[in-house]
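Accompanying notes for the structure given below.
Laboratory data are not the source of any read-out in this text; all were calculated from the coordinates shown. From a predicted model like this one, the values you see are computed outputs, not experimental measurements. Methodologically, a virtual Cβ is constructed for each residue, glycine included, from the backbone with ideal geometry; neighbour enumeration extends over all protein chains shown.
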Amino acid sequence: MIDSSLKSKIEFILVEPSHPGNIGASARAIKNMGFKNLSLVQPKDFPNDDAYYRAKGAKDILDDAKIYSDLSNALEDSTLIFGTSARARTIPWPTKNSSELTSVLKTGLQSNNAKISFVFGREISGLSNEELQMCDYHIKIPTDEEFSSINLSHAVQIISYVIKMELQNNDYVSELTSESTTFQDNEYLIDHFDKVMKTIDFYDQENPKQVRTRIRRLVKRLQPDKLETGILRGFLAKIEQVLNKKN
Ligand code: SAH
């Protein structure tokens, strides 16, 4: 398979960017590295002249940018999601640094419906915990510990460069394997777990102790395939069926 078709399976998502200049500079950064898919979640000010000015020769990337009202809509058919963050968060998530992406990226690109998303946060506050928990992996770009927050478009530049080098240096498979589960499939599974747990009073809803978040992290870490997800959903549906018969 040729490099450009691999690149088209990769997208960059900016969540609520406030400076149009950063949107333009990000478009330029991804086009410089040969990528083209840019999505924006509730940009504060877009389309905007400054964004177009900063994009230079990457105006087509801005013209084609997809706009979403929230991150979960943007991620619906993503099969592998990386959230970028300068800081560690409350519930630690599987984390890679920017030079450890190879094996995950390689596996992710093997499925025939691969859509790999790299998510970037707001200039002021980054990504919320909820948004970071929608991701399969977190990426921290190694920086000086004392000053770790990189400008948004610079972070996009570094990540797009790293992926380009990964794709170039590795022997990416030409044979596509099975279909991957999507973000939406995983959400249905997590919701189903939560629903059954609530039905059987598995946890105290007044004091949930992050049970749902931990189930979410488990699903993200294991990345069950379509068949396994089907078995788990079937198992949960059977429990519901048995409970309904009893009542
Ligand atoms: N003040 C925010 C940083 C926002 S920088 C915070 O502390 O979270 C804007 C975005 O650039 C971040 O949300 C992240 O997507 C990316 N970014 C900045 N520095 C980064 C780093 N060291 N590693 C990975 N992503 C980074």
Exercise. Among the aspartates and glutamates, which have Cα under 18 Å from the Cα of Lys220 when same-chain residues fewer than 8 positions away are ignored?
Worked result: Glu76, Asp77, Glu100, Glu130, Glu131, Asp136, Glu179, Asp185, Glu187, Asp191, Asp194, Glu228
For this session: Give Lys66/Lys96; Lys66/Lys115; Lys7/Lys36 a once-over and call out the pairs whose C-alpha atoms are over 18 Å from each other.
Result: Lys66/Lys96
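Relative contact order for the chain using alpha-carbon pairs under 8 Å, separation at least 6, rounded to a whole percent?
Working: 381 pairs, mean separation 54.8, N = 247.
Reported as a whole number, the value is 22 percent.
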For this session: Provide the descending list of Cα extents for the chain along its principal axes, expressed in whole angstroms.
Result: 66, 43, 35
For this session: Taking the Cα centre of the stretch 4-169 as origin, sum charge times position over the Cβ atoms of Lys and Arg (+1) and Asp and Glu (-1), and report the length of that vector in debye to the nearest 20.
Result: 500
Exercise. Which one of Arg217, Arg87, Arg54 has the biggest mean-square fluctuation once the chain is modelled by GNM with Cα springs under 10 Å?
Worked result: Arg87
Problem set entry | Charge dipole (debye, nearest 20) of the stretch 2-86; +1 at Cβ of Lys and Arg, -1 at Cβ of Asp and Glu | 360
Problem set entry | Most positive-pole-ward Cα, Phe12, Ser117, Tyr203, against dipole of the chain from beta carbon charges | Tyr203
Exercise. Which residue, chosen from Ile61, Gly21, Gln168, occupies the Cα position most advanced towards the positive end of the dipole of the chain, where the dipole is computed from +1 (Lys, Arg) and -1 (Asp, Glu) charges on Cβ about the Cα centre?
Worked result: Gln168
Problem set entry | Only Lys, Arg (+1) and Asp, Glu (-1) charged, at Cβ; the stretch 183-246 dipole about Cα centre in debye | 120
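Grab the other residues whose beta carbon is less than 9 angstrom from that of Asp136, score K and R as +1, D and E as -1, and report the net.
Result for the local shell: +2.
With an 8 Å cut-off on Cα pairs and a minimum separation of 6 or more residues, tell me the relative contact order of the stretch 104-227 in percent.
Answer for the stretch 104-227 is 36 percent.
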For this session: State the answer as a single residue: which of Leu232, Leu189, Leu243 lies farthest towards the positive end of the charge dipole of the stretch 183-246, with beta carbon charges of +1 for Lys and Arg and -1 for Asp and Glu, about the Cα centre.
Result: Leu232
Problem set entry | Peptide ranges 71-77, 133-139 listed from the most packed, as the mean C-beta count within 10 angstrom indicates | 133-139, 71-77
For this session: Could you tell me how many degrees, from 0 to 90 and to the nearest 10, lie between the Cα long axis of helix 152-169 and the main elongation axis, the longest principal axis, of the Cα atoms of the chain?
Result: 80
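Set the Förster radius R0 to 41 Å, insert the Cβ-Cβ distance between Asp144 and Lys56 as r into 1/(1 + (r/R0)^6), and round the FRET efficiency to 0.05.
0.90
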Seminar exercise, completed: If one builds a Gaussian network model of the chain from Cα atoms under 10 Å apart, the most fluctuating residue listed among Gln42, Gln210, Gln184 is Gln210
Exercise. Hey, fewest Cβ within 10 Å first, where do Ser85, Ser125, Ser4 land in order?
Worked result: Ser125, Ser4, Ser85
Exercise. How do Ile141, Ile116 line up, fewest other C-beta atoms within 10 Å first?
Worked result: Ile141, Ile116
